[in-house]
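**Student:** Input: one structure, supplied below.
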Amino acid sequence: MALDPGVQNAWRGRANARLPPEVNRILFVRNLPFKITAEELYDLFGRYGAIRQIRKGNTKDTRGTAFVVYEDIYDAKNACDNLSGFHVLDRYLIVLYYQPNKQTKKVLLEKQQEELEKIKAKFGAANEG
């Protein structure tokens, strides 16, 4: 099966393209309108490529956010580039690449802080400073 030369050049360009290290297939979307439906999210983000999954926040703390997982990293990059700042239902979307290391570091720091407070309370150490 021979590919069209235009298609071959497109794939060749993708294979040689170097992406920044923060680029990945998972996008973190903030500032979503609370009334937006999952179908509307699929319509909006599906314009840029095949979507594996969309997880929309539904608790008090996660409302207005979503994770969008693309099948292809280049589709995710295209969506992030085009939809960041996009106006939807009187709100401007904030589209970022999901960076689990930052999330993990924040949770780890909070746990360490809690453990430190417990140790201080156990040994009667007062906050200095």
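The values are calculated or read from the model by the stated rules, or taken from the named source; none is laboratory data. Computed from a prediction, not measured in an experiment: that's the story for all the values here. A quick note on method: Cβ atoms are made from the backbone with ideal geometry, for glycine too, and the neighbour counts reach across all protein chains shown. Accessible surface is based on the protein model in full, side chains and every heavy atom, while ligands, DNA and RNA are left aside. Shrake-Rupley method; radii C 1.70, N 1.55, O 1.52, S 1.80 Å.
**Student:** Could you give every pair whose Cβ atoms fall below 6 Å, whose first residue belongs to the stretch 18-32 and is touching a residue at least 24 places away in the same chain (Cβ under 8 Å) and open to solvent by 50 Å² or more (accessible area, probe 1.4 Å), and whose second residue is assigned to a loop (DSSP other than H, G, I, E, B) and of a type in the set (Val, Ile, Thr), counting only separations of at least 6 or pairs across chains?
**Tutor:** Every condition considered, the pairs that remain are Arg30/Thr65.
**Student:** State whether the residues of the stretch 71-85 include one that is touching a strand residue (DSSP E or B) at 6+ places or on another chain (Cβ under 6 Å), under 16 Å from Val23 (Cα atoms), in contact (Cβ under 8 Å) with a residue 24 or more places away in the chain and assigned to a strand (DSSP E or B). Working first, answer last.
**Tutor:** Of all residues in the stretch 71-85, those touching a strand residue (DSSP E or B) at 6+ places or on another chain (Cβ under 6 Å) come to 71, 76, 80, 83-85.
Retained after the next criterion (residues that are under 16 Å from Val23 (Cα atoms)): 71, 76, 80, 83-84.
Those still in the list that are in contact (Cβ under 8 Å) with a residue 24 or more places away in the chain too: 71, 76, 80, 83.
Still in the running and assigned to a strand (DSSP E or B): none.
Within the stretch 71-85, not a single residue is touching a strand residue (DSSP E or B) at 6+ places or on another chain (Cβ under 6 Å), under 16 Å from Val23 (Cα atoms), in contact (Cβ under 8 Å) with a residue 24 or more places away in the chain and assigned to a strand (DSSP E or B).
**Student:** Identify the residue in the stretch 33-73 that is under 14 Å from the mean Cα position of the chain (by Cα) and among the hydroxyl-bearing types (Ser, Thr, Tyr) and, among all such residues, is surrounded by the most Cβ atoms within 10 Å (Cβ to Cβ).
**Tutor:** Tyr70
**Student:** I'd like the full set of residues that are β-branched (Val, Ile, Thr), part of a strand (DSSP E or B) and closer than 18 Å to Arg91 by Cβ, limited to the stretch 33-70. Break it down stepwise before answering.
**Tutor:** As a first pass, look at the stretch 33-70 and keep what is β-branched (Val, Ile, Thr): 36-37, 51, 54, 59, 62, 65, 68-69.
Retained after the next criterion (residues that are part of a strand (DSSP E or B)): 51, 54, 68-69.
Within the stretch 33-70, Ile54, Val68 qualify.
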